[in-house]
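Accompanying notes for the structure given below.
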Amino acid sequence: MKIRATQAIMECLLEQGVDTVFGYPGGTILNVYDELYRYQDRIRHILTAHEQGAADGYARSTGKVGVCFATSGPGATNLTTGIATAYLDSSPVVFITCNVGENLLGKDAFQEVDITGIAMPITKATFLVRDARQIPDVMRQAFAVAATGRPGPVLIDFLKNVTAADQEVDYTFIPWRENRQSESLRVLTGSHEPKKPEPDDHDIEILRRMIAQAERPLLLCGGGVVRGRAHQEFRAFAEKLDAPVAITLMGGGGFPGDHPLTTGMIGMHGSRASNVACNECDLLIAVGCRFSDRVALDPATFAAQAKIVQIDVDRAEIDKNVTTDHHIIGSARRVLTLLNEGMTQYHHPEWKARILPMRAPSAAGTDARLTPQQVLETIRQRMPRDAIVATDVGQHQMWAAK
């Protein structure tokens, strides 16, 4: 059936299970907002104070693909910090902007900017839609790319004339779980939807043998555990391995901070227990960790006594910062599920006795001076177990993480 181009945008959002969008309106995107008004009973809009604050937190906390609307020019460029954050932190967000009309494109028109060019280095993909007939294909592809493999942001920029009232599109509703394999998507991409790589059984077996030979193993919980919703599988693995668990900043929440095996944050702002364990372990298994400069301050000497194993869904992360002795390509959840199947229960009492006593004592004390540690500890004690903590970036973020 034929429907309005802007209606096709809304229908495609509904296909993907989207019920909430974030945004800040402006001139070139008003046609889309007019359509959104007609869908207000099915799609909720949250007006943000600034474009860069939209959708990313929603994607992190729900695991769904976040959606953000912004207008051309300054509205689109305001997104760049938020896009870069989502890209570096593997957060799935589809950013939808509108640009000037075709007749003004490339003429330095009022509030014109090449946002697809600007965003290209900080997105998984960008699309400039110049023809309304492309809308269903592009929308479906954008969500597929944002959510699969290593999650991340995608930007779609619609020319204003594409969203005009007289633009119509041939549209057929495709249920969310079917549309990723639709013929239109295959025509656009030349293949099926990109899938998460299936871990190699031989690689899994090699790691099992390395675990059996290790006397001082250390687990590293990275952001991939959180992004992959692999916290249950990770905990089961840690308890079977019976090894200390260090946590990166992005891995916060992937493993309980008060678990008996937790050694706390690792790296520049990390705990003594985590950093000593990293220096003395003979096997380091990093799950969903990119070994950033805040974790591996000196890659040449990082975990120098250990065999390093990296588990990551993104092949580009392997050996990028730290050279590994073994790696497994696959989602954290899938790899850990395979490792847990039939895994032997290990015990490392001497190693734990060496590392775990180094953990910092509780910040609660009788000192008359109020310290950041006391404030954060008091907040922690009073929070529900499933609370979501949001921080800005700076000293207070390190206090919260620790």
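The values are calculated or read from the model by the stated rules, or taken from the named source; none is laboratory data. Quantities reported herein were computed from a predicted structural model and do not represent experimental measurements. Virtual Cβ from ideal backbone geometry, glycine too; neighbours counted across all protein chains shown. Quick note on the areas: whole protein, heavy atoms, side chains included, nothing else; ligands and nucleic acids left out. Shrake-Rupley method; radii C 1.70, N 1.55, O 1.52, S 1.80 Å.
Listed values, structure above:
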read-out: Residue match in region 378-385 (condition: open to solvent by 30 Å² or more (accessible area, probe 1.4 Å), over 19 Å from GLY267 (Cβ atoms) and touching a helix residue (DSSP H, G or I) at 6+ places or on another chain (Cβ under 6 Å)); value: no
read-out: Single match in GLU198, GLU178 (criterion: open to solvent by 60 Å² or more (accessible area, probe 1.4 Å), at pLDDT below 95, in a helix (DSSP H, G or I) and within 20 Å of PRO151 (Cα to Cα)); value: GLU178
read-out: Wholly within region 50-160, strands (runs of 3 or more DSSP E) carrying at least 3 residues that are closer than 22 Å to GLY253 by Cα; value: none
read-out: The listed residue being of a type in the set (Ser, Thr, Tyr) and in a loop (DSSP other than H, G, I, E, B), out of THR263, THR337, THR324; value: THR324
read-out: Answer from GLY224, GLY251 - the residue that is touching a residue at least 60 places away in the same chain (Cβ under 8 Å) and either open to solvent by 10 Å² or more (accessible area, probe 1.4 Å) or in a loop (DSSP other than H, G, I, E, B) (or both); value: GLY224
read-out: Subset of region 91-140 (residues that are under 26 Å from PRO175 (Cα atoms), open to solvent by 70 Å² or more (accessible area, probe 1.4 Å) and in contact with a helix residue (DSSP H, G or I) (Cβ under 7 Å, 6 or more places away or on another chain)); value: LYS124, ARG130
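Results for (1) open to solvent by 50 Å² or more (accessible area, probe 1.4 Å); (2) under 24 Å from the mean Cα position of the chain (by Cα); (3) of a type in the set (Ser, Thr, Tyr); (4) within 29 Å of HIS202 (Cβ to Cβ), shown as yes or no for each residue.
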site: PRO256; (1), (2), (3), (4): no, yes, no, no
site: PRO260; (1), (2), (3), (4): yes, no, no, no
site: GLY270; (1), (2), (3), (4): no, yes, no, no
site: ASP282; (1), (2), (3), (4): no, no, no, yes
site: VAL295; (1), (2), (3), (4): no, yes, no, yes
site: ALA303; (1), (2), (3), (4): no, no, no, yes
site: GLN310; (1), (2), (3), (4): no, yes, no, yes
site: TYR346; (1), (2), (3), (4): no, no, yes, yes
site: TRP351; (1), (2), (3), (4): no, no, no, yes
